[in-house]
Amino acid sequence: MAKQGGLGAAFWFGGNDLSGDINSLGKIACPIGQLDVTDITQMAHSRLFGLRDGAIDFVSYFDPVKAHPVLSALPTADVIGTFVPPSVALGGPAACLTSKQINYDGTRANDGGYTFACSAIANGFGLEWGNLLTAGFRTDTAATNGTGYDTGGSLSFGGQAYLQCSAFTGTDVTVTIQDSADNSSFSNVSGLSFTQITGSTPLAQRISVANTATIRRYVRAVTTTSGGVTSVTFAVILNKNPIAGVVF
């Protein structure tokens, strides 16, 4: 893939598509702490990896209908943020963060511009980069099998998945990740079914499977329902771990 800029990106926060209200993203970070374990026999520092972390700093325009009600609430519960660089397409990269939103700081500039600085810092897990299993937000009006995405091969190191759901009407819907060896015969990946949606949206979820679980080459996001779904609008991101022993 050729080099590219940041035009045409997306930002989702707690199931809300705030892309059109975001001025800029100042930081999308996934630092790892260092433990100094240098002993008296060594001539230079020796270090081990410590705690993972993550942060997303962004600036929002003042939109009293869309962004402001979401960001001004400063929820005490975790909020999942997702940044998607261009292009927002099936298989494209996406950074996800289970976070606490710690501020909503407004600035009115001399030229009349009115923006708000926000910081989301990791809680419980570090920032993770994965791949979209939907081409941005996807709307299903019935149980639907999504398009398969080729991850390049089967791996046995588990994975983590994120759901951003902006709207739902109906009785219930469940979003599940399936895998396949040949992009034809798909089956559910054990542990990668999101909690059934039956009530209000927007909402976001994070799920994971053990880092010894096998996820086959092709993956897709599917929706199922037991009582009926009129419409559900959602996005799914999968981080398929490339190595053993990943700890979040």
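Computed extension gain for residue 57 through residue 187, at 0.36 nm per residue and net of the alpha carbon distance, reaches 43.0 nm.
Across the alpha-carbon set of the chain, the Rg to Rh ratio works out to 1.01, Rh being the Kirkwood radius. The coefficient of translational diffusion for the range 35-157, derived via Stokes-Einstein from the alpha carbon Kirkwood radius under 25 °C and 0.890 mPa s, stands at 134 µm²/s.
The gain in end-to-end length when the residue 111 to residue 32 segment is fully stretched comes to 24.5 nm, 0.36 nm per residue minus the alpha carbon separation. Within a straight-line Cα-Cα reach of under 25 Å, residue 3 can be paired with the following lysines, leaving aside sequence neighbours fewer than 8 residues apart in one chain: 27, 240. Shown here for the range 1-79: trypsin sites (Lys or Arg not before Pro) in loop regions (DSSP other than H, G, I, E, B) with at most 10 other Cβ atoms within 10 Å, namely 3.
Each principal axis of the range 1-50 carries a Cα extent, and these read 56, 31, 18 Å when sorted largest first. Here r is the Cβ-Cβ distance between residue 42 and residue 212 and R0 is 41 Å; the resulting FRET efficiency, rounded to 0.05, is 0.75. Backbone amide hydrogens, once placed in the peptide plane, bring residue 138 within less than 5 Å of 234, 235, excluding anything fewer than 5 places away on its chain. Here is the P(r) of the range 133-240: all C-alpha pair distances, binned every 10 Å from 0, give 16, 50, 28, 6 in whole percents.
Near residue 52, the amide H atoms lying under 5 Å from its own belong to 33; only residues 5 or more places off or on other chains count, and H is placed 1.01 Å from N. Between the residues 200, 235, 11, the greatest Cα displacement towards the positive end of the dipole of the chain, with unit charges on the Cβ of Lys, Arg, Asp and Glu, is found for 235.
Spin-label model, residue 246/residue 72: points 7 Å from Cα along the beta carbon direction are separated by 3.9 nm.
Quick one: go through the range 180-220 and flag any residue whose amide nitrogen is under 11 Å from the point 7 Å out along the Cα-to-Cβ line of residue 144. No residue qualifies, since no backbone N sits under 11 Å from the label point.
Determine the relative contact order of the range 133-240: mean sequence separation of Cα pairs under 8 Å and six or more apart, normalised by residue count, in whole percent.
49 percent
Packing here is the average count of other Cβ atoms within 10 Å per residue, and on that basis the peptides 217-225, 140-148, 69-77, highest first, run 217-225, 140-148, 69-77.
For residue 63, the residues whose modelled amide H falls within less than 5 Å of its own, excluding neighbours fewer than 5 places apart on the same chain, are 68. Relative contact order, whole percent, for the chain stands at 21, derived from Cα pairs under 8 Å and 6 or more residues apart. Here the chain is treated with +1 on each Lys and Arg Cβ and -1 on each Asp and Glu Cβ, and its dipole about the Cα centre works out to around 260 debye. In order along the range 141-149, the phi-based Karplus estimate (6.51 cos²θ - 1.76 cosθ + 1.60, θ = phi - 60°) of 3J(HN,Hα) comes to 10, 6, 4, 9, 9, x, 6, x, 10 Hz; Gly and Pro are listed as x.
Read-outs throughout are calculated quantities, based only on the coordinates presented, and are distinct from any laboratory measurement. Computed from a prediction, not measured in an experiment: that's the story for all the values here. All Cβ positions, glycine included, derive from the backbone under ideal geometry; neighbour counts span all protein chains shown.
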